[in-house]
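What follows is a short report on a single structure.
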Amino acid sequence: MKFRFITGAAFLFLSFNGFAQDGLFKQETHFTHQDTLRGSITPERSWWDLTYYHLKVEVDPENKFISGKNDIQYQVLEPSKILQIDLQPPLKITKVTQDGKELEVNHQGNAHFVSLEKPQTKGATNSITVFYEGQPKEAVRAPWDGGFSWKKDDNGNDFIATSCQGLGASVWWPCKDHMYDEVDSMDISITAPKGLMDVSNGRLTNTTTLEDGRKTYTWSVKNPINNYGVNINIGDYVHFSEVFPGEKGPLDMNYYVLKDNLDKAKKQFKDAPRMMKAFEHWFGPYPFYEDGFKLVEVPYLGMEHQSSVTYGNKFENGYLGRDLSGTGWGLKFDFIIIHEAGHEWFANNITYKDIADMWIHESFTNYSENLFVEYYYGKQAGAEYVIGTRKDIKNDRPIIGVYDVNHEGSGDMYPKGGNMLHTLRQLVEDDEKWRQILRGLNETFYHQTVTTQQIEAYLSQETGIDLTEFFNQYLRDIRIPTLEYKFENNKLKYRWTNIVEGFDMPVQVDLDGKNQWIYPNVKWKSLKVKTEELTVDPDFYVYSKQL
């Protein structure tokens, strides 16, 4: 197959589920104006570029109440007078100021349109301050349902955390809540209840004690950060640390856990440097040396908050003690440490512009689990792990969602996406080349927001293979390629079915006592054979059917 750049996604937004003339699965669409305001780059967002946030929040767990303000600095790309800020009810914006002067705000649900009085000159750097307060949405099942988690530890202390991917950071703080524009740097100042500590992103740069005994913790983030990666974690924390000898030099690795769990954490968190060693090998240097790396215990399962990865896996190997692959290999490591920290490369370093492309985060990070297994236990072990996760694939909807309405694709982006990448590795046929492609992704798109088309084009270029139909098949369709075959008169006849138009992926099979490539497409092909036994290499995520 020859290389050809992919110039666009063959995906139509229709009002039904089914297959269109191009053979691709089309998703049902029922979206509101609020979905468009949340999920699209509106005119009120596009004219300004985020440069800096200083988020200041006081947390009152007794009343499940927060109050604060966000200083939002931006550069003017094109002159305009209306600026969109996002904040979800029941939180309320109390006022917005620029240069000390209060501004008019038009509230439209989750979107708030600020009328600026100061001339916005192209190239100028300006700022506004948004004041807000209220009782934020409480997470029902964090992290899948976002918001604040107001919990207690075993000693009766408040144990508080935020999580908000998908739902959006605007569920708890006012921001430009679209993934395309990451702020360049940020300070986070959180006032915690008396006797408790806040741990947020980046490095702790200041601690101030207030008259009533509460403390304000200020954390500084030096790298670009996505909105949902920002977090508050408040608890009765103790701290321990180590320095990892990384590819870019000494890397500070800090750990914050409830004091009663210190001994368990010191044992379980040994997976953190193991993770760092494996993933720097596969993906390149950890992307945020300036901000360090943290694992922070929280009262929910965990999340990939940038440089502040949260952890709630009960200090057990596997996923809450279970092996998601069913092979035994998943009990060799702590799933949350490996998976959520893997997102530092694929989610926090390389970030989707639109949540419809969430596979860029989850497929690569699902795949990182088997690369971790391979690094420590061998290539066969890694393959067995990722193949074992196929049992959870539903093929219910395409992996890519609907654009511009904050709509993510199927949960198959995890196991199916990981197996798609494992299949692609087989096509490359060169493990070191494949490793350099993965490292190259993180170098080429370092600290960038990207689209599926960019990732597809890069992989086609670097593999030397035209992957257009490959990605159409696995990302935009729900069918799994099926190799139909039959034996007639000392010949093997074979073809692909359940495929998108133009799909012609070669596949390795065991035939005539040896492993060899065959090159099926939609039409019947034939090959002389000595025996009538064929087995498809299980490293390919395909089905086979003998007629």
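List, in the order given, every pair from Lys56/Lys92; Lys267/Lys433; Lys266/Lys353 whose Cα-Cα distance in the structure shown is over 26 Å. Write out the running numbers ahead of the final one.
Working: Lys56/Lys92 15 Å; Lys267/Lys433 35 Å; Lys266/Lys353 37 Å.
Listed pairs above 26 Å: Lys267/Lys433; Lys266/Lys353.
May I ask for the angle, rounded to the nearest 10°, between helix 271-283 and the longest principal axis of the chain, with both axes built from Cα atoms and the value confined to 0 to 90°?
The angle comes out at about 60 degrees.
If you work out semi-axes √(5λ) of the Cα gyration tensor in Å from the coordinates, which of [x] 37, 26, 23; [y] 55, 29, 22; [z] 44, 28, 19 do you get?
[z]
How far, in nm, would the chain grow between Glu501 and Lys122 when pulled straight, counting 0.36 nm per residue and subtracting the alpha carbon separation? Intermediate results must be reported in sequence, preceding the final value.
On the way: separation 379, 0.36 × 379 = 136.44 nm, distance 4.67 nm.
Net length gain for the segment: 131.8 nm.
Roughly speaking, what is the stretch gain from Thr205 to Asp512, that is 0.36 nm per residue apart minus the C-alpha to C-alpha distance, in nm to one decimal? Intermediate results must be reported in sequence, preceding the final value.
Values: separation 307, 0.36 × 307 = 110.52 nm, distance 6.64 nm.
This chain segment gains 103.9 nm when fully extended.
Excluding Asn442 itself, calculate the net charge of residues whose Cβ lies under 12 Å from the Cβ of Asn442, where each Lys or Arg counts +1 and each Asp or Glu counts -1.
Details: positive: Arg435, Arg439; negative: Glu247, Glu280, Glu344, Glu443.
Around Asn442, the charge tally is -2.
Kindly state, to the nearest 0.05, the FRET efficiency for Lys491 paired with Asp466, given R0 = 25 Å and r defined as their beta-carbon distance. Could you put the intermediate results ahead of the total?
Values: r = 29 Å, r/R0 = 1.16.
So the FRET efficiency works out to roughly 0.30.
Heavy atoms only, 1.4 Å probe, whole protein assembly: order His178, His107, His281 by accessible area, highest first.
Numbers: His178 15, His107 100, His281 60 Å².
The ranking, largest first, comes out as His107, His281, His178.
Pull out a ≥ b ≥ c, the square roots of the eigenvalues of the alpha-carbon gyration tensor of the stretch 68-139, then state rounded if a/c is under 1.5, prolate if not and a/b is larger than b/c, and oblate in the remaining case. Before the final figure, lay out the partial values.
Values: a/c = 2.17, a/b = 2.00, b/c = 1.08.
The shape class here is prolate.
Please give the net charge around Arg203, taking every other residue with its beta carbon less than 15 angstrom from that of Arg203, where Lys and Arg add +1 and Asp and Glu add -1. Mind showing how you got there, number by number?
On the way: positive: Lys222, Lys294; negative: Asp187, Asp198, Asp252, Glu290, Asp291.
Local charge sum for Arg203: -3.
Where Rh is the Kirkwood radius over the Cα pairs of the stretch 356-454, the temperature 20 °C and the viscosity 1.002 mPa s, what D in µm²/s does Stokes-Einstein return? Don't skip to the end; give the middle numbers.
Numbers: Rh = 14.3 Å.
Rounded to a whole number, D works out at 150 µm²/s.
Could you sort 160-167, 49-56 so that the peptide with the highest average Cβ count within 10 Å comes first and the rest follow in order? Present the calculation step by step, with values, prior to reporting the outcome.
Values: 160-167: 24.8, 49-56: 19.4.
Order by mean packing, descending: 160-167, 49-56.
From the helices alone, meaning DSSP H stretches of at least four residues, give me the mean residue ellipticity at 222 nm for the chain, per-run term -39500 (n - 2.57), in deg cm²/dmol to the nearest 500. Before the final figure, lay out each step's value.
Numbers: 11 runs with 116 residues, N = 547.
About -6500 deg cm²/dmol.
Just list whichever of Lys379/Lys493; Lys491/Lys545; Lys222/Lys416 have alpha carbons separated by over 28 Å in the model shown. Intermediate values should be presented prior to the final figure.
Details: Lys379/Lys493 32 Å; Lys491/Lys545 16 Å; Lys222/Lys416 35 Å.
Going by Cα-Cα distance, Lys379/Lys493; Lys222/Lys416 fall outside the 28 Å limit.
Roll a 1.4 Å probe over the protein chains and send me the accessible area per residue for the chain in Å². Could you put the intermediate results ahead of the total?
Working: 21400 Å² over 547 residues.
Here the per-residue accessible area is 39 Å².
Note the angle between two axes, namely the Cα long axis of helix 431-444 and the longest principal axis of the Cα atoms of the chain, as a number of degrees from 0 to 90, rounded to the nearest 10.
Relative to the chain, helix 431-444 is tipped by roughly 30 degrees.
So, in Å, what gap is there between the alpha-carbon centers of the stretch 133-158 and the stretch 323-344?
Here the two parts' Cα centres lie 25 Å apart.
What angle do you read, to the nearest 10 degrees and between 0 and 90, between the alpha-carbon axis of helix 452-463 and the longest principal axis of the chain?
Compared with the principal axis, the helix lies near 50 degrees.
Rounded, prolate or oblate: pick one for the stretch 208-267, where a ≥ b ≥ c are the square roots of the eigenvalues of its C-alpha gyration tensor, a/c under 1.5 means rounded, and failing that, prolate if a/b is larger than b/c, else oblate.
Working: a/c = 1.98, a/b = 1.18, b/c = 1.68.
Oblate, because a/c is 1.5 or more while a/b does not exceed b/c.
For the pairs Lys137/Lys264; Lys151/Lys294; Lys95/Lys176, note any where the Cα-Cα span goes beyond 27 Å.
Listed pairs above 27 Å: Lys137/Lys264.
Quick one: putting +1 on the C-beta of Lys and Arg, -1 on the C-beta of Asp and Glu, what dipole do you get for the chain around its Cα centre, in Debye to the nearest 20? Show your work: numbers first, answer last.
Values: 59 positive and 77 negative charges, 191 e Å.
So the magnitude is around 920 debye.
Shape verdict for the stretch 271-337, please, from the Cα gyration tensor: rounded (a/c under 1.5), prolate (a/b greater than b/c) or oblate. Write down the numbers at each step before the final one.
Working: a/c = 2.78, a/b = 1.33, b/c = 2.09.
Verdict is oblate for the stretch 271-337.
If packing is taken as the average count of other Cβ atoms within 10 Å, what order do 95-102, 395-402, 212-219 fall into, highest mean first? Before the final figure, lay out each step's value.
On the way: 95-102: 13.6, 395-402: 20.6, 212-219: 16.5.
So the order, starting with the most tightly packed, is 395-402, 212-219, 95-102.
Are there any trypsin sites (Lys or Arg not before Pro) in the stretch 357-463 that are in a DSSP loop and have at most 14 other Cβ atoms within 10 Å? List them by number.
On the way: sites: Lys379, Arg390, Lys391, Lys394, Lys416, Arg425, Lys433, Arg435, Arg439; in loops: Lys394.
Here the sparse-neighbourhood loop sites are Lys394.
The values are calculated or read from the model by the stated rules, or taken from the named source; none is laboratory data. Remember, it's a predicted structure, so these values are computed and weren't measured experimentally. All Cβ positions, glycine included, derive from the backbone under ideal geometry; neighbour counts span all protein chains shown. These accessible areas exclude ligands, DNA and RNA; they are computed on the full protein's heavy atoms, side chains included. Shrake-Rupley method; radii C 1.70, N 1.55, O 1.52, S 1.80 Å.
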